[in-house]
Every structure is written in structure tokens, then in C-alpha cells.
Amino acid sequence: MPALLAACGVVAPPRRSPEPTLANLSYYRDLVEPFGLEVDETLLRSAPHVGHRDLVDRLVAASQVRDGEPDLVIVAHALPDITPFTAMAPYLDRLLGGRAVNFGIHQQGLAAPFTALRAVSAFQRAGRSERAVLAVLEQTTLPTRFPLVHDNHLVDSGVLLVLGTGGGPRIARVESVAAAEPAVTRLGELTAKDPDGTLLVTGPWLDRDPLGQDIPSFHCNPGTYCTSVWLALARHWTDWRERYGTVLLCDTDPLSGATHIAVLHSDRARDAAREDG
């Protein structure tokens, strides 16, 4: 099972000039007009113009992710990059040594990072990865108005997770609950195993208190789509591994209605609980 070795995040980095984006107006028109949409130049001029490459450059600058070359690099995102024809997984791989199998996961909405964790686990089981890097990217400059982004005032953000074979909280399982099924049932089953030692981390698209019970919980603030619970993990994982034997990361995609859950187990917290007992 993949173990979390290091993590970092970036939120709302400085805005960039719109001129490089505006130079691609004809490309954007060719892209959207066949679907009856129009390029909104006013929207583009007021956007932050922080692309996937900007986010990656900031993430790899973090000291905790530079040590050690990964053998697997995955880039996951739910919103497209504003810069045409970019391949971010090879770019990130080159920054980290250039020796990894690398690919991207997209067009899955909020599910993309959860799918990426399944892929890392599969590579580990096959003996093909000992150190993986997962980047979750979200840029918000778009050539047309997209209600999910603009009505919810999303900001540019990114997360980078380093995943190995031991030494940190383990990704024990990744699950999805279909829109037609009550996610609260599955969350209740997972938290019931150790209610005091389980932290429920919910994204902004899931109810703040889905279980209606007095259990440890953390609710992510609005402003992000697919990076929400991963930003929280990057900020707090070292504290959480000391305090909780299990951390549940979950959010519901507002577009598909499906809920996605990642279960992390920490032996360090369980060992401490035994010593206190």
C-alpha cells in the first residue's frame, strides 16, 4: 500500500500577464465555437493566467519533495490547462530526474486524484514502483464561462504528494459511492470501526457534518474543486498521523454526484494509543 512520505501545496499564487493567453484566441475559438460557445475576452483578461506549469514549478521548489528521484509520476487534474498542447507529466518528471514512468489522468472530474492513487497502488503491487509522485493541479483561467469555476470563485491551487513503500500513513483503500447511493452509509461503516481514532475530512462539496455524530472531523473551505481534501492533507498530515489511526478523505463531485473516499491508516497513532492504554 502506498505510504505518504512528503506533501506540499500551493494556493492562489501571483497572477500573470494575460498576453500569452490572449495570443491563442483563434485556438480557443476553434475549440469552443463548434459547440455553440463563444470566447469571452473580458473574462480572459480578468483571469489570473496561472497555468499548470506555474503550479508545478512552485510545487517542486518545496524542499521536502526534491530529495530522491521517483520511478512513477502522475499528474491529475479536473479542469483543463489554459495553455494548449501541454504535457505536464513528462515536464514534472524531467524536473525530478527524468527517469520515471509518467502519465496524466483527467476528464474524470473530482475523481482524478483518487484514480491516481489506485494506479500508484497497482504499480506497487506489480513491483514497478517504490517512490511515486502525484501532482493534483487546478487552474481556473478558461476561455468561456464555466459555472462550476466562476459561480464558486475557485482559485488556482496545486498539491504534490510523495508516495513510497513505508514510513508514513498508508493509503489503505480508495472507494467510490455512486450518486444513486447514500454516501453517508459507507462513511458510517468506516468510522464505526474506531470512532474516536478516526478523522473524517470532508471537501467543500460534501455536507459539513454528513454523519450527524460527534466524531473528529475537518471540513475544507470552499474555493477549490479537485484539490480540496488533498490541500488539507498536505497541510496537516504530520499532525494527523500522530493523533488518528485512520483518516478518511472524502468529497462529492457536484457534476456527477459520485462520492470518492480515500482511507489512510497510521501505525504511529495506534502505537501511541496502546502505550497510553
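Here are some notes:
- Separation of the Gln107 and Phe146 label points, Cα + 7 Å toward Cβ, nm: 1.4 nm
- Antiparallel bridge percentage (DSSP; both residues within the chain; nearest 5): 60 percent
- Axis of helix 112-125 versus longest Cα principal axis of the chain: the two differ by about 60°, to the nearest ten degrees.
- Relative to the longest principal axis of the Cα atoms of the chain, the long axis of helix 228-243 makes an angle of roughly 20 degrees.
- Fully extended contour minus Cα-Cα distance, from Ser256 to Val32, at 0.36 nm per residue: 78.4 nm
- Inter-label distance, nm, simple model (7 Å from Cα along the C-beta direction), Asp239/Thr165: 3.3 nm
- FRET efficiency estimate (nearest 0.05) - Cβ-Cβ, Asp209 to Arg53, R0 35 angstrom: 0.35
- Within-14-Å neighbourhood charge of Ala132 [Cβ basis; K, R +1; D, E -1]: +2
- The share of accessible area on the chain that comes from carbon and sulfur is 48 percent, using a 1.4 angstrom probe.
- Difference of contour (0.36 nm per residue) and Cα-Cα distance, Ala179 to Leu95: 26.4 nm
- Value of relative contact order over segment 210-262, rounded to a whole percent, pairs C-alpha under 8 Å and six or more apart: 21 percent
- The relative contact order of segment 166-277, computed from alpha carbon pairs under 8 Å that lie at least 6 residues apart in sequence, is 36 percent.
- Separation of the Ala12 and Arg125 label points, Cα + 7 Å toward Cβ, nm: 4.1 nm
- Pairs of Cα atoms nearer than 8 Å and 6+ residues apart set the relative contact order; for the chain it is 23 percent.
- The length gained by stretching the chain between Ala62 and Ala172 to full extension, at 0.36 nm per residue less their Cα-Cα distance, is 37.0 nm.
- Calculated from the structure at hand, Rg and Dmax of the Cα atoms in Å is found among [x] 19.2, 67; [y] 19.3, 58; [z] 24.1, 72 as [x].
- Rounded, prolate or oblate (a/c below 1.5 giving rounded, otherwise prolate when a/b exceeds b/c) for segment 142-215 by Cα gyration tensor: oblate
- Trypsin sites (Lys or Arg not before Pro) restricted to segment 73-127 and DSSP loop, no more than 12 other C-beta within 10 Å: Arg99
The values are calculated or read from the model by the stated rules, or taken from the named source; none is laboratory data. Quick caveat, the model's predicted, so the values are computed rather than measured. Cβ atoms come from the backbone with ideal geometry, glycine included; neighbour counts cover every protein chain shown. Protein only, heavy atoms only, side chains kept; ligands, DNA and RNA dropped before computing areas. Shrake-Rupley method; radii C 1.70, N 1.55, O 1.52, S 1.80 Å.
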